[in-house]
């Protein structure tokens, strides 16, 4: 025992080298376990201040959605501006409206409509919710949209044609 003490006394760093670096290794392991690829590589939220004014996008998306449902425009044209869930939702609506037109024997024609009032609100930073009134020949509809700032651009996370 006295030999072990004398060896420690003789070499000042011997004790620190002899002990394993358990706290540092445990911290590295915890840091590695906390890494989530979805958080790192997934969509990054963007603040409203660093995004363009959403008004033109709201109006253009509304026009596009009405034309897509009428069969005058392809859904793929707005795929960059909508999330996967919205794309799937609109795809279902397109299939239903296509079947309805075929059952009646009608061809797809470009709809005649005018955009009415647009109401835009910002429930929190990086999120915009809007309602656009669309006046057609036969009826008036409302299109509700939710835009979220993702990866430095607006993306529609919800679109509903009422």
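Since every read-out is calculated from the coordinates, none of them should be taken as a lab result. From a predicted model like this one, the values you see are computed outputs, not experimental measurements. Quick reminder, even Gly has a Cβ in these numbers, built from the backbone with ideal geometry, and neighbours come from all protein chains shown.
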remark   = Debye calc, one equal point scatterer per Cα of the stretch 48-161, no solvent, log10 I(q)/I(0) at q = 0.13 1/Å comes to -0.50
inquiry  = Going by average Cβ density within 10 Å per residue, which order do the peptides 107-118, 57-68, 128-139 take, highest to lowest?
reply    = 57-68, 128-139, 107-118
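Using a Förster distance of 45 angstrom, determine the FRET efficiency expected from the C-beta separation of residue 162 and residue 44, and round it to 0.05. If you can, show how the numbers build up before the last one.
Values: r = 31 Å, r/R0 = 0.70.
The computed FRET efficiency comes out at 0.90.
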ask   = Assuming R0 = 35 Å, what is the FRET efficiency of residue 80 and residue 141, from their Cβ-Cβ distance, to the nearest 0.05?
value = 0.90
inquiry  = Could you sort the peptides 143-150, 48-55 by per-residue average Cβ neighbour count (10 Å cutoff), highest mean leading?
reply    = 143-150, 48-55
